[in-house]
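Here is the structure we will look at, set down as structure tokens.
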Amino acid sequence: MTVNKTKSPKGLHILFADDEEALQELMSLELPRMGHTVTVCPDGETALAVLKQDRYDCLITDLNMPGMSGIELLGKARELSDEIECIILTGKSTVESAIAALRYGAFDYLTKPCKRLELEALLERIQKKQQLARQYKAVNHQLKRAEGESQLIGDHPSMEQVKSLISRVAPTVSTVLVRGETGSGKEIVAREIHNQSQRADQPFVAVNCGALPENLIESELFGHCKGAFTGADSQRTGLFEMANHGTLMLDEIGELPKSVQAILLRVLESGEIRRVGDNQTFHVDVRVICATHRNLEEMVQAGDFREDLLFRINPFEIEIPALRQRREDIPLLATHLYERKFGVNGTSENILDRIHAVFTPEAIAALESAEWKGNVRELANVVEHASILCDRLPIDTSHLPQRIHGDETRVPSSAVAPDEFLAGRTLRDLEMWAINSALARHDGSKPEAAKELGVSLKTLYNKLNNQLDKSA
């Protein structure tokens, strides 16, 4: 038995199963005209075999076929993927059976001979539903690791240059490489590119490649099939598929293993991905923005990064200045970080009034003179550290970490802590104080902070992400 596949660059990926040859031929012509890709199968068994080999958005199946019925095929299709939608075709005499199919998870049914406009309308509804589902997943993914509103704070000339470059590249489809020191705000720049692009209403998904377990990176990025490896109890949607029609940010791309670099290069060149454990590829429309704090050229020379991948990801580059290179922005940026964390809107439109409502002049001077090797991320940690110690605004130098103001901190370093520090503070507050203090001592370096605290890097990321969830 044969399988006919007709491709279209956009629209749904549809599997059509029906034993009527005339209808098979009609659908192989009409569905691509509607803008969809279609694979036509003559019976349920063939359709099931095809479903196991490729990913489909929609299954259109006759209710009554020789061998496996449409209801059986629907049930097995849903076992393989809970994302596939199913349309049942039925004769007028079996409408009751079609209605029963809805109870088994069918999206809708059509009676034969179905009208083109009715089918087109159903497929449009499915397309909109799946688009919303992708957006919902992307939002949930971001809520777990959100770092607040995408907003570039500062009017230093170097930041004005960054904003100008963003405005030029955002409307294009070019891949962008964002360079900058750790904590300088590379994800915020990526978000701004997305927000100013024609994909702004589509998903934005960001992943830190350095935080992914090496044995799961490929599965996280491209997904996996049920049974692909031990523990793969169901099919999983990868981040590329989650970001379909939108933007995927690969942060710290220099941390990708060479084996995954080769796969990524192929995906960027072809636009096609393959789930782990699958033999078939499928197309995704994703704009990729890469970011790194590492010197990729030196990594190429050392044999740690593919030169062809470097050429592929940097047709357009944006370099973010270090925080110490734009000290004039620190007062407003620190104020913004405080207001964002506590959901506070400045009570005054005057910038200076907003700043002095949160920080004393002495605290601002101390912040402006610090080294900030950890950049904006380190500043955010210092602001959180100070907010825990400060019972009442404004924040003074005594609330800042010792290395910022140069004086002995009033926070105890001995095993016995004074009552005034412990009073009113939850265990979570003290834990976050310990984490932020360790990050501050190591210039925002999470691996070093995790080592000092005696926890794994993954545990540290989880605790920070949980805190971000509560403050978002």
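FYI, it's all coordinate maths here, none of it is from the lab. The structure presented is a predicted model; accordingly, all values stated were derived computationally and were not measured. FYI the Cβ positions are ideal-geometry reconstructions off the backbone, even for glycines, and counts take in every protein chain you see.
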If you build the Cα gyration tensor of region 55-111 and take the root of 5 times each eigenvalue, what three semi-axes come out, in whole angstrom, biggest first?
-> 18, 11, 9
Roughly what % of DSSP beta bridges within the chain run antiparallel, to the nearest 5?
-> 15 percent
Positive-pole candidate from CYS290, ALA434, ASN350, dipole of the chain, charges at beta carbon | CYS290
Between PHE305 and residues 5 or more places away or on another chain, the pairs with built amide H atoms under 5 Å apart involve VAL300
How many nm separate the modelled label positions at ASN64 and ARG392, each set 7 Å beyond the Cα in the direction of the Cβ?
-> 8.3 nm
Find the Cα radius of gyration of region 276-379, compare it with 2.2 N^0.38 Å by division, and give the number to two decimals.
-> 1.63
Relative to the longest principal axis of the C-alpha atoms of the chain, give the angle of the C-alpha long axis of helix 116-143, reported between 0 and 90° and rounded to the nearest 10°.
-> 20 degrees
Hey, can you rank 385-392, 201-208 by average C-beta count inside 10 Å, highest first?
-> 201-208, 385-392
Mind checking which of PRO113, VAL50, SER197 is farthest towards the positive end of the chain's charge dipole, using Cβ charges of +1 (Lys, Arg) and -1 (Asp, Glu) about the Cα centre?
-> PRO113
Helix-derived mean residue ellipticity, 222 nm - over the chain, DSSP H n ≥ 4, -39500 (n - 2.57), to 500 = -13500 deg cm²/dmol
If the chain between SER369 and GLN53 were fully extended at 0.36 nm per residue, the gain over the current Cα-Cα distance would be 107.8 nm
For region 201-269, shape from the Cα gyration tensor axes a ≥ b ≥ c, cut at a/c of 1.5 then a/b versus b/c, turns out oblate
So who's got an amide H within less than 5 Å of the one on LEU15, skipping anything under 5 residues away but keeping other chains? H placed 1.01 Å off N, in plane.
-> THR39, CYS58, LEU59, ILE60
Equivalent ellipsoid, region 144-321 (semi-axes from 5 times Cα gyration tensor eigenvalues, Å) = 28, 18, 15
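Can you tell me the dipole magnitude for the chain around its Cα centre, using point charges on the Cβ only (Lys, Arg +1; Asp, Glu -1), in Debye to the nearest 20?
Roughly 360 debye for the chain.
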Built amide H within the under 5 Å cut-off of MET68, gap 5+ = GLY44, GLU45
Looking at the P(r) of the chain, how many percent of alpha-carbon pairs lie beyond 30 Å?
-> 55 percent
Please name whichever of LEU122, LEU102, PHE16 sits farthest to the positive end of the charge dipole of region 4-132, dipole taken about the Cα centre and charges placed at Cβ: Lys and Arg +1, Asp and Glu -1.
-> LEU122
For region 45-87, what mean projected area does the convex hull of the alpha carbons give, in nm²?
-> 2.6 nm²
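If we sort 168-180, 217-229, 104-116 on the protection proxy, mean other Cβ atoms within 10 Å, highest first, what's the order?
Numbers: 168-180: 17.9, 217-229: 19.5, 104-116: 15.5.
Going from most to least packed, we get 217-229, 168-180, 104-116.
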Want the number for LEU332 to LEU457: 0.36 nm per residue separation, take away the alpha-carbon distance, what's left?
-> 41.9 nm
List the GluC sites (Glu not before Pro) in region 326-384 that DSSP assigns to loop (not H, G, I, E or B) and whose Cβ has at most 13 other Cβ atoms within 10 Å. Which are they?
-> GLU349, GLU371
Roughly how many Å is it from the Cα centre of region 354-409 to that of region 280-302, as a whole number?
-> 36 Å
Alpha carbon centre of region 316-347 versus region 203-270: separation in Å?
-> 31 Å
Region 454-464 - phi-based ³J(HN,Hα) in whole Hz, Karplus 6.51/-1.76/1.60, Gly and Pro as x = x, 10, 6, 4, 5, 4, 4, 4, 4, 5, 5
For the chain, what's the relative contact order in percent, using C-alpha pairs closer than 8 Å and at least 6 residues apart?
-> 12 percent
